[in-house]
Amino acid sequence: MRTRQQIWTLVLALVVMTAPAGAHAPSGAIFTTVFDGSEVNFNIYPSKEAVYLDGGPGPGAPQTAAGLDDGTYVFQVTEPSGKTLLSTDPAKCRRFTVAGGIITGIVAAGGCEHHTGLDIDHNAVTVQLFPYNDTPNPGGEYKAWAVTVEDFLIGCAALGVSNGLDVVDCGKSPGNSHGFISRHSKTDNFKVGDATNIEIDTRFFDTNGQLIDGLKLTWIDTLGASNLKWSYFKPSILVTHFAHIEAVEPGVHQVTVTNQPGCTVEKFFGLGVEINGPGTIDVQVKQNDRNTTKYLYVYCLP
């Protein structure tokens, strides 16, 4: 006889298989920031209240890059494994809208809506992640998630919850963290307090050995959720011509590089792996890694 967990795993698989064709991780990126959209060194914040969610093409992206798909989204905060939901309010309080590829506002929810700010670079709305509980992670690490409301309701239904927006937590099963199906979700990690940082940095070079900005990669975290990162130069936060993935949790992350305008990938390598052409490299982050940077490199043909 199957256990309840096995039954819900099967239900989730059936729900995902029959999900609408548009059910996928949205385009563009999400990223944590402060209220005015400014980036913070190494994604380490002085307090939980200081952390806001922004979205769009992403830091360093060219003007032609795609933003988030238009629609209504819901977000959550967990510890890095996704097992423990840290957000404390019902999901209906954590909704925001996207139009023209950027966040444009929050959804009315009877007074429990989150505070907002304004991005000084893109005139986008930023959304405060607080309230959420302290992370049990000893490194002070958190994970922010965003998914479309439609996909969130699919995830909650797979967990046996028909009114997902009215509850705080829809539960959990493999590949489904509290209604957020990993492969349909965008994630970004951040830290709060006096914390060290583990990051994955990728640099792109042309045939003359010059660094190239405005090129993208896809980061897939240890849970299978994804996000886009772009190479750029911002010395004020120690970003020097690379795409940076900050505050990564222990486990295996994947970094995927594809051919794109400005870069036909000749070679992708690092950490003892070398790929001719575009591809994916697994990056192992160990539990005892501290204040470590994992470096990857891409050689581009015109």
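Values in this text are rule-based calculations from the coordinates and carry no lab data. Owing to the predicted nature of the structure, the values given are computational and were not obtained by experimental measurement. Note that we place each Cβ from the backbone using ideal geometry, even for glycine, and neighbour counts take in every protein chain shown.
Which order, highest average first, do 114-127, 134-147 follow once you tally other Cβ atoms within 10 Å for each residue and take the mean per peptide?
Values: 114-127: 17.9, 134-147: 20.9.
Ranked from most to least packed, the peptides come out as 134-147, 114-127.
Here region 199-301 is treated as an ellipsoid with the same Cα gyration tensor; its semi-axes, largest first and in whole Å, are 21, 16, 12.
For the pair Asn291 and Ile237 in one chain, pulling the backbone fully straight at 0.36 nm per residue adds 17.9 nm over the alpha carbon distance.
For the chain, modelled as a Gaussian network with Cα springs under 10 Å, which listed residue fluctuates most, Asp54, Asp188, Asp89? Answer for the Gaussian network model of the chain: Asp89.
On full extension of the chain, what length is gained from Asp134 through Val168, given 0.36 nm per residue of separation minus the C-alpha to C-alpha distance? Write down the numbers at each step before the final one.
On the way: separation 34, 0.36 × 34 = 12.24 nm, distance 1.61 nm.
Length gained, Asp134 through Val168: 10.6 nm.
Of the three principal axes defined by the Cα atoms of region 4-192, the extents in descending order read 47, 38, 32 Å.
Applying 0.36 nm per residue to the separation of Thr258 and Asp69 and subtracting their alpha-carbon distance, the gain on full extension is 66.0 nm. In this Cβ point-charge picture (+1 for Lys and Arg, -1 for Asp and Glu), the chain has a dipole of about 720 debye about its Cα centre. Site pair Asp194 and Ser81 shows an inter-label distance of 2.7 nm when each label is modelled 7 Å from Cα along Cα→Cβ. Region 255-270 and region 97-175 have Cα centres lying 32 Å from one another. Inter-label distance, Arg183 to Asn123: 3.9 nm, where each label sits 7 Å from its Cα along the C-beta direction.
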